[in-house]
Each structure stands twice: as structure tokens, then as C-alpha cells.
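The values are calculated or read from the model by the stated rules, or taken from the named source; none is laboratory data. Please read these numbers as outputs of a predicted model, since none were measured by experiment. All Cβ positions, glycine included, derive from the backbone under ideal geometry; neighbour counts span all protein chains shown. Protein only, heavy atoms only, side chains kept; ligands, DNA and RNA dropped before computing areas. Shrake-Rupley method; radii C 1.70, N 1.55, O 1.52, S 1.80 Å.
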Amino acid sequence: MSSVATINIKNLRLRTFIGIKDEEINNQQDVLINASIRYDASKAISENCIEAALNYRTITKQIIKLVEDNRFALLERMTHEILSIIMDYQDVVDATVEIDKPYALRYADSVSVTLTATRKVI
């Protein structure tokens, strides 16, 4: 039986400075963050305690701090930095992060960028 668990962080709504136009540089905008994190949960399953699990609350707090305390020209950069936070946890097998920028285009609900990383097994 597989012990790889998937944690999904859905629709984390934050405000940040994102973009290259003057109004984007000077005014915070909403972003919507989704992350799918697969990790080896064998210790969490066998020990049945939070210390053995990947703490999604800690990861989310790191993401919030990064997004709210920084300015980004591009969605690609913000997505990469969030993915890096997640991949710093050694139990993570792979992760996907998607960030939506609502109303970035006149006739679209949003524009999004998605990046995926996979840990190389040696």
C-alpha cells in the first residue's frame, strides 16, 4: 500500500504587489494560490502524531509571509518562490503551485501560472 499522501491548499487568497504597470506597482492586488503537495506520509501514518506529518499550517504561514512582504514583477517568479518553500521540506516528493491573478485580462476571470517540481531520487 502506498504511503504517499497529497495535501491540497485550495484558494489561498492574499494581496500583494504584482505586475509591471504603474498602477500594479503602486497598488496591492488579489492573488489566488493553489498548491498540491505529495509527500511520504509513512511516519505520519505509523506514528499517528502531528510531529511526524508534513505541517501544512507552517508551510501556509511561510507562503503568506513571502507573498505579503514582497513585490513581484511576474507571476512566474512568485510561483517559483512558493514552490521553493514547499520543496525545502525533504519529505516532499513533488509539488505543483498555481497562482491566479484575477481580472488581469479584460474578458477573462483570471490569468494563472503553474509550476511543478519533483524531487530527484538518487
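Below are the figures for this structure:
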quantity	calculated
Crossing angle, helix 75-87 versus the chain [Cα axis fit, 0-90 degrees, rounded to tens]	20 degrees
Exposure of THR118 as accessible area (Å², to 10), given a probe of 1.4 Å and all protein chains	90 Å²
Trypsin sites (Lys or Arg not before Pro) lying in DSSP loop within segment 83-122, provided at most 14 other Cβ fall within 10 Å	ARG106, LYS120
Cα shape, the chain, gyration tensor, a/c 1.5 rule	prolate
Most to least accessible of LEU74, LEU115, LEU66 (protein chains only, probe 1.4 Å)	LEU74, LEU115, LEU66
Solvent exposure of segment 1-87 as accessible area per residue, Å², 1.4 Å probe	62 Å²
Simple label model, 7 Å out from Cα along Cβ direction - ARG13 to ARG77, nm	2.7 nm
In segment 16-72, the trypsin sites (Lys or Arg not before Pro) that fall in loop regions by DSSP, at most 13 other Cβ within 10 Å	LYS21
Residue-count net charge about GLN90 - beta-carbon cut-off 14 Å; Lys, Arg +1, Asp, Glu -1	0
Accessible surface of the chain, 1.4 Å probe, proportion on carbon and sulfur as whole %	50 percent
Heavy-atom accessible area ranking, 1.4 Å probe, most first, across MET87, MET78	MET87, MET78
